[in-house]
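Below you'll find the structure, written out as structure tokens, and then a few comments.
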Amino acid sequence: MIAVTCRNGEHFAVDPDNIERIEHHGDTVVVLTDGTHFVVETEFEELLRSISRHRAGALAARSRLVNGYAATPTATRLARRAGSLATTAD
């Protein structure tokens, strides 16, 4: 999610995957896939940077997953295989 502020002062977050296009003709207008339009205070270039950072972060997070699960550090995996980590029962 990225944070934006409408011209009327309303603050909200929007999922960049739901943005169909961004128009810039004096005002910056965010058009969502459902047709909703928002005139935002955020500059066009800053909005593009925010979307780019969001997508880069999502890609980085996905690269740390193994078969859809968070990757376990190598030392922990090796210790579990060797049986040297104590398990706790709740």
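The values are calculated or read from the model by the stated rules, or taken from the named source; none is laboratory data. These figures come from a predicted structure and were not determined experimentally. A quick note on method: Cβ atoms are made from the backbone with ideal geometry, for glycine too, and the neighbour counts reach across all protein chains shown.
Remarks
- Looking only at the range 22-66, and only at residues there that are assigned to a loop (DSSP other than H, G, I, E, B) and among the hydroxyl-bearing types (S, T, Y), the one that is modelled with the lowest pLDDT: T42
- Flag for L85 being assigned to a loop (DSSP other than H, G, I, E, B) and either on the phi > 0 side of the Ramachandran plot or modelled with pLDDT under 95 (or both): yes
- Screening the range 5-21 for residues that are assigned to a strand (DSSP E or B) and in contact with an Asp or Glu (Cβ under 8 Å, 6 or more places away or on another chain) and picking the one that is farthest from R55 (Cα to Cα) gives C6.
- Tally of residues being over 16 Å from the mean Cα position of the chain (by Cα) and under 13 Å from H37 (Cα atoms) across the range 6-19: 2
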